[in-house]
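The values are calculated or read from the model by the stated rules, or taken from the named source; none is laboratory data. Small disclaimer: the values here were computed from a predicted structure and weren't measured. FYI the Cβ positions are ideal-geometry reconstructions off the backbone, even for glycines, and counts take in every protein chain you see.
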Amino acid sequence: MSNTTLSPGQSSQPVSSVKPFPFLSLPSEIRNQIYEMVLCDVQEPELPDGLDIPSTLAIAKKNIHPQLLRTCRRIHDEAKYVMLTKNLFVEVQLCGPGRNLNYNFFDLICLWRVPILRVKRWTTPGEQFFNGCVMRHQVSSTGGSSIWEVPRADSILLLHRNLNKLRAAIMQTQFFIATYINGTSVHEVTLLNPFVPKSTIGKEFELSGRNASGRQFSVETLRNKRQALLSPYSPSFQEGLSFTVEDRTRDNTGHRLIHSKKADPTMSAESVMEDLNQLTEIGNNHHAQGIWGYAAAFYEFVDYKIAVLMSQPNTAIVKLFVEEGEMLEDQIAEFYSTICYYRAKNAVNAMQQFVHSNPDELEDLFDTVRNMGAISRASHLFPTFTQSPMRNADHLYLQAVAYRLMGDQCKLNMDMALEKVESGLAIIPDHPELTIEKRVIVRQILLTRLDFSKMLAFDDVWKDPSFSLRLEI
């Protein structure tokens with residue numbers, strides 16, 4: 001038994017012989033790699049599934065541990081420098097009438113799945129809310145404001161690499177601003193020094209320490225990055241809007257680099273059709289990936305833009321149709337017919353390949369198929385338009401498939417499916433999809449009603465190419 005006595009204040013716990021790891025003794029290259037792993041891991045959001053709809057913001061997946069910045073002054077300075085030069089943060093402030101449109105800024109950001117890091121709602125226009133940013137982009141517009149309305153804005157934080165996607169989304173508001181309030185989009189871009197803090201932000205992105213970093217971010221480095229930072233704002237982007245760029249990397253006074261004059265937005269037949277085609281192509285890409293919900297949302301957005309074009313008594317739109325005459329209206333009518341077909345086809349594919357645990361979800365898709373067929377034939381937007389026989393037959397084919405897929409809910413659905421097939425074949429007798437679908441439907445009816453003798457006879461006579469199917473069910 002030990003006779004060792006403890007002096008007052010001495011702990012009975014054994015003292016560890018392990019010394020602290022000498023992190024700062026590591027080579028700078030290794031320390032920088034560790035800083036990148038701990039502070040710069042921002043990944044794109046996962047792709048949506050099946051019938052997910054663009055109802056929420058796509059939040060970027062980040063694995064950032066800012067506690068490292070609080071370790072010591074030297075690590076704080078080194079790590080913050082790596083973080084702010086590896087990940088280029090941009091603050092975007094959205095204000096003006098674009099916040100209150102049917103398709104507002106956030107609706108479009110959700111639709112385009114722009115990866116967002118942080119959001120600050122109901123802010124004051126003109127104020128900076130996030131530190132550590134290399135750029136600030138304020139979006140507003142002329143017109144549509146009231147002297148009684150308190151100006152409000154929304155601020156978002158994202159990475160510069162996602163600025164192209166954001167630009168594509170918010171530029172869609174220019175069409176609606178010009179259409180509804182005869183206004184012009186106003187874009188004010190300010191280049192910033194990320195090491196000069198402006199205000200306090202949340203702990204997750206607390207980047208500024210006490211005041212400024214001991215390791216200053218070279219102003220010359222920022223100037224060398226200027227062209228890359230401004231690359232999303234191409235000359236074509238600046239057309240038809242007010243666009244300014246100020247440089248505040250050296251001080252807070254600002255030096256204007258670009259100032260484009262305000263211009264009235266113009267429309268041409270080429271620009272209108274190009275826009276509709278580009279939006280439809282995005283929907284088609286989602287459809288090809290099996291992302292039915294987002295495909296449907298883009299097709300619906302195109303549908304809405306066509307409705308605005310054909311019904312809004314805007315000066316620019318009226319002038320466009322006067323100049324182009326009936327040719328443009330015919331083009332849009334044909335395009336609208338195609339969009340209705342895409343919406344119906346997308347809904348049928350979703351019915352076929354998605355597991356529906358909610359019957360209401362399946363019913364909504366079924367209604368889309370039926371409604372698109374009816375609307376494309378007789379739209380109030382194009383009362384004089386006559387849809388092609390082939391397109392009518394295509395819709396009848398999709399409706400037949402939809403009724404067949406709903407067959408479990410009511411046996412009359414199978415009879416309706418067969419009726420749609422017969423109607424389609426009456427229009428286009430050699431329609432290949434309708435011919436195959438007829439065989440599938442008749443066989444399923446016979447199988448369901450347990451008439452095996454007729455089913456076997458049906459299989460035999462179907463092989464005869466001269467056979468014209470007329471079975472009494």
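Could you look through segment 310-352, keep only residues that are in contact (Cβ under 8 Å) with a residue 60 or more places away in the chain and among the aliphatic types (A, V, I, L, M), and pick out the one that is nearest to Arg113 (Cα to Cα)?
In this case the residue turns out to be Ala350.
When you scan segment 382-391, do you find a residue that is in a helix (DSSP H, G or I), basic (Lys, Arg), within 31 Å of the chain's Cα centre (by Cα) and over 21 Å from Asp364 (Cβ atoms), even just one?
For segment 382-391, residues in a helix (DSSP H, G or I), basic (Lys, Arg), within 31 Å of the chain's Cα centre (by Cα) and over 21 Å from Asp364 (Cβ atoms): present.
Return the residues of segment 327-358 that are surrounded by 16 or more Cβ atoms within 10 Å (Cβ to Cβ), farther than 15 Å from Trp292 by Cα and either in contact with a Cys (Cβ under 9 Å, 6 or more places away or on another chain) or among the charged types (D, E, K, R) (or both); say none if nothing qualifies.
Passing the criteria: only Glu329.
If you take the residues in segment 156-184 that are in a strand (DSSP E or B) and touching a Pro at 6+ places or on another chain (Cβ under 8 Å), which one is surrounded by the fewest Cβ atoms within 10 Å (Cβ to Cβ)?
So the first thing to find is which residues in segment 156-184 are in a strand (DSSP E or B), and the list is 156-159.
Narrowing further to those that are touching a Pro at 6+ places or on another chain (Cβ under 8 Å): 158-159.
Working: Leu158: 26, Leu159: 17.
The residue in question is Leu159.
I need the helices (runs of 4 or more DSSP H) fully contained in segment 188-287, keeping only those with at least 3 residues that are surrounded by fewer than 18 Cβ atoms within 10 Å (Cβ to Cβ) and at pLDDT 70 or above.
Values: elements: 219-224, 226-229, 235-238.
Per the criteria, 226-229, 235-238.
Out of all the residues in segment 341-366, which are over 24 Å from the mean Cα position of the chain (by Cα) and within 20 Å of Gly424 (Cβ to Cβ)?
The answer is Gln352, Phe366.
Here's a check for you: in segment 122-147, which residue that is loosely packed, with under 15 Cβ neighbours inside 10 Å and at positive phi is modelled with the lowest pLDDT?
In this case the residue turns out to be Gly143.
When you check Cys95 against the structure, is it under 21 Å from the mean Cα position of the chain (by Cα), over 30 Å from Ile291 (Cβ atoms) and not aliphatic (A, V, I, L, M), yes or no?
So Cys95 passes the test.
Quick one: in segment 288-313, which of the residues that are surrounded by fewer than 17 Cβ atoms within 10 Å (Cβ to Cβ) and more than 22 Å from the chain's Cα centre (by Cα) is farthest from Ser376 (Cα to Cα)?
Checked segment 288-313; the qualifying residue farthest from Ser376 (Cα to Cα) is Pro313.
Which residues, counting only those in segment 48-96, are touching a Leu at 6+ places or on another chain (Cβ under 7 Å), closer than 26 Å to Phe298 by Cα and in a strand (DSSP E or B)?
Passing the criteria: only Val92.
Restricting the search to segment 410-426, which residues are exposed (fewer than 15 other Cβ atoms within 10 Å of the Cβ) and among the aliphatic types (A, V, I, L, M)?
Leu412, Ala426
Any idea how many residues of segment 107-121 are surrounded by fewer than 19 Cβ atoms within 10 Å (Cβ to Cβ) and free of Cβ contacts under 8 Å to residues at least 60 places away in the same chain?
Here the count works out to 3.
Each row is one residue, and each column tells you yes or no for (1) under 29 Å from Leu57 (Cα atoms); (2) touching a helix residue (DSSP H, G or I) at 6+ places or on another chain (Cβ under 8 Å).
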residue: Ser236; (1), (2): yes, no
residue: Leu309; (1), (2): yes, yes
residue: Lys319; (1), (2): no, no
residue: Arg343; (1), (2): yes, yes
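Here's a check for you: in segment 58-86, which residue that is under 22 Å from the mean Cα position of the chain (by Cα) and not β-branched (Val, Ile, Thr) is nearest to Leu47 (Cα to Cα)? I'd like the intermediate steps shown before the answer.
Filtering segment 58-86 for residues under 22 Å from the mean Cα position of the chain (by Cα) gives 58-62.
Keeping just the survivors that are not β-branched (Val, Ile, Thr) gives 58, 60-62.
Working: Ala58: 10, Ala60: 11, Lys61: 12, Lys62: 16 Å.
Among those that are under 22 Å from the mean Cα position of the chain (by Cα) and not β-branched (Val, Ile, Thr), it is Ala58.
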